[in-house]
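The values are calculated or read from the model by the stated rules, or taken from the named source; none is laboratory data. Bear in mind that the values here come from a model prediction, so they are computed numbers and not experimental data. Quick reminder, even Gly has a Cβ in these numbers, built from the backbone with ideal geometry, and neighbours come from all protein chains shown.
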Amino acid sequence: MIVLITYDVNTETPEGRKRLRRVAKVCLNYGTRVQMSVFECRLSPAQRVTIEKELSAEIDMELDNLRIYDLGNNPSRITHIGAKKPLDPESLLLF
């Protein structure tokens with residue numbers, strides 16, 4: 001399935017800036033950054049559960065915002081305009 005992950009981490013404190021880096025690192029382990037705080041990921045159902053748990057463990061539930069949008073398996077639901085190429089769901093992903 002294709003998943004879009006977006007987040008807004010409060011960076012007013014040094015701890016917040018560390019959380020921001022950790023959240024980005026988790027997302028980079030699973031997908032491609034398409035904007036500063038937006039990632040496209042192709043995940044198995046098990047990976048979908050795992051990344052949600054990993055991200056939930058990193059954010060501050062009172063200060064930060066995390067959204068995960070399930071787009072299914074249909075890449076035609078993604079319209080891309082501009083410089084960065086969208087995730088090709090048929091391509092091989094190496095980790």
Exercise. (1) in contact with a Phe, Trp or Tyr (Cβ under 8 Å, 6 or more places away or on another chain); (2) at pLDDT 95 or above: which one isn't true of Lys53, the others all being true?
Worked result: (1)
Seminar exercise, completed: Of those in the stretch 1-39 that are closer than 14 Å to Leu55 by Cβ and of a type in the set (Ser, Thr, Tyr), the residue nearest to the chain's Cα centre (by Cα) is Thr6
Exercise. When the residues of the stretch 55-74 are filtered to those that are assigned to a loop (DSSP other than H, G, I, E, B) and of a type in the set (D, E, K, R), which remaining residue is farthest from Pro14 (Cα to Cα)?
Worked result: Glu62
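I want to confirm something. Restricting to the stretch 31-49 and keeping residues that are surrounded by 15 or more Cβ atoms within 10 Å (Cβ to Cβ) and of a type in the set (Val, Ile, Thr), which single residue is nearest to Tyr69 (Cα to Cα)? Even if it seems obvious, please write down each step before you answer.
First, the residues of the stretch 31-49 that are surrounded by 15 or more Cβ atoms within 10 Å (Cβ to Cβ): 31-32, 34, 37-43, 47-48.
Applying the additional criterion that residues be of a type in the set (Val, Ile, Thr) yields 32, 34, 38.
Details: Thr32: 15, Val34: 14, Val38: 11 Å.
Top of the filtered list is Val38.
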Seminar exercise, completed: Here the qualifying pairs (Cβ atoms under 6 Å; residues six or more apart or on different chains; first in the stretch 5-30 and crowded, with 20+ Cβ neighbours inside 10 Å; second in a strand (DSSP E or B) and of a type outside the set (Asp, Glu)) come out as Ile5/Phe39; Ile5/Ile68; Tyr7/Leu66; Val23/Tyr7; Cys27/Ile5; Cys27/Phe39; Tyr30/Cys41
For this session: Select from the stretch 1-54 the residues that are in contact with a strand residue (DSSP E or B) (Cβ under 7 Å, 6 or more places away or on another chain) and in a loop (DSSP other than H, G, I, E, B) and write down the one among them that is nearest to Ala83 (Cα to Cα).
Result: Ser37
